[in-house]
1. For the subset of the range 65-81 comprising residues that are closer than 29 Å to residue 156 by Cα and among the hydrophobic types (A, V, I, L, M, F, W, C), which member is surrounded by the fewest Cβ atoms within 10 Å (Cβ to Cβ)?
2. Keeping to the range 53-99, report how many residues are closer than 17 Å to residue 5 by Cα and over 19 Å from the mean Cα position of the chain (by Cα).
3. Among the residues of the range 126-147, are any at pLDDT 95 or above, farther than 22 Å from residue 10 by Cβ and touching a His at 6+ places or on another chain (Cβ under 7 Å)?
4. Evaluate the range 109-119: report whether one residue or more is closer than 17 Å to residue 21 by Cβ and within 21 Å of the chain's Cα centre (by Cα).
5. What residue, of 1, 105, is of a type outside the set (Phe, Trp, Tyr), modelled with pLDDT under 95 and in contact with an Asp or Glu (Cβ under 8 Å, 6 or more places away or on another chain)?
6. I need every pair where a residue in the range 187-201 that is at pLDDT 90 or above has its Cβ under 8 Å from the Cβ of a residue that is open to solvent by 90 Å² or more (accessible area, probe 1.4 Å) and assigned to a helix (DSSP H, G or I), sequence separation at least 6 or different chains.
7. For the range 135-197, please list each of the helices (runs of 4 or more DSSP H) lying entirely inside it that holds at least 1 residues being among the basic types (Lys, Arg).
8. Which one is most open to solvent (accessible area, probe 1.4 Å) among residues in the range 94-113 that are closer than 14 Å to residue 31 by Cα and in contact with a strand residue (DSSP E or B) (Cβ under 8 Å, 6 or more places away or on another chain)?
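The values are calculated or read from the model by the stated rules, or taken from the named source; none is laboratory data. Everything numeric in this text was worked out from a predicted model, so none of it was measured. Glycine also receives a Cβ, built like all others from the backbone with ideal geometry; neighbour counts cover every protein chain displayed. For accessibility, only protein heavy atoms count, side chains too; no ligands or nucleic acids. Shrake-Rupley method; radii C 1.70, N 1.55, O 1.52, S 1.80 Å.
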Amino acid sequence: MGEIVERFPLFPLGIVLLPTEVVPLHIFEERYKLMIRECLDSEGEFGIIWLSGDGLRDVGCTASVSQVLKELEDGQMNILVAGGRPFRLLRRIDDMAYPAGDVEMLEDASGEDAGAAPLAELTSEAHERYADLVEHVTDERPSPDDLEHLDAYGMAATIEFEAAPKQELLELRSERERLVQVRDLFVATMKRIIDSEEAGELARSNGRIRFG
């Protein structure tokens, strides 16, 4: 079992935060203004956990305030937070001024599956599909140096995926599984973008396909 942290501050949101991901938050509710102020004063962490249409998920990600962008007189704040470690919510705590719970910090499973593709091979393939997608969207391809230290979380954190696949990625407990998932997500996203572009071209041509 991983490290247990009791009475850990929690911020249920309609988003999924991944390790290394940086997201902006606007803090306006009194309970969360208090929570963030305490985290700032103690340089501590809190947890972002997805409040989906099916309810609060069990696995979330720790977050720390990386920058206070703006703070108003009434305590409202615009902040940037950075994702840290995945955790599992074990028990909710209801006697604090803001949501909290006892959580377990999650570690990856050890060892590799026998007969599975080498991790380096999967990493290289995921890097290539990620670079293809970034190049298609920005016209600039990441260099090998840019890609070298990017793991599955690091790549996914720079792409705007829907919450459900991000939650699935957060819950996977091996880098191998995460690499397979992000590789497939990059391929599927590229296909959707190309299909959308082709549909737009077809619409602009009034449904007539031009050759030559």
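1. Just the residues of the range 65-81 that are closer than 29 Å to residue 156 by Cα, to begin with: 65-70, 77-81.
If we keep only those that are among the hydrophobic types (A, V, I, L, M, F, W, C) too, we end up with 65, 68-69, 77, 79-81.
Details: 65: 19, 68: 13, 69: 11, 77: 20, 79: 20, 80: 14, 81: 25.
Selected residue: 69.
2. Total meeting the criteria: 9.
3. Scanning the range 126-147, I find at least one residue that is at pLDDT 95 or above, farther than 22 Å from residue 10 by Cβ and touching a His at 6+ places or on another chain (Cβ under 7 Å), so the answer is yes.
4. The answer is no; no qualifying residue exists.
5. Values: 105 fails: modelled with pLDDT under 95.
Answer to the check: 1.
6. 193/137
7. Values: elements: 144-148, 152-156, 163-171.
In the range 135-197, the matching helices (runs of 4 or more DSSP H) lie at 163-171.
8. Applying the first criterion (closer than 14 Å to residue 31 by Cα) to the range 94-113 yields 94-100.
Okay, now just the ones that are also in contact with a strand residue (DSSP E or B) (Cβ under 8 Å, 6 or more places away or on another chain), so 96, 98-100.
Values: 96: 55, 98: 22, 99: 27, 100: 3 Å².
Only one residue tops the list, namely 96.
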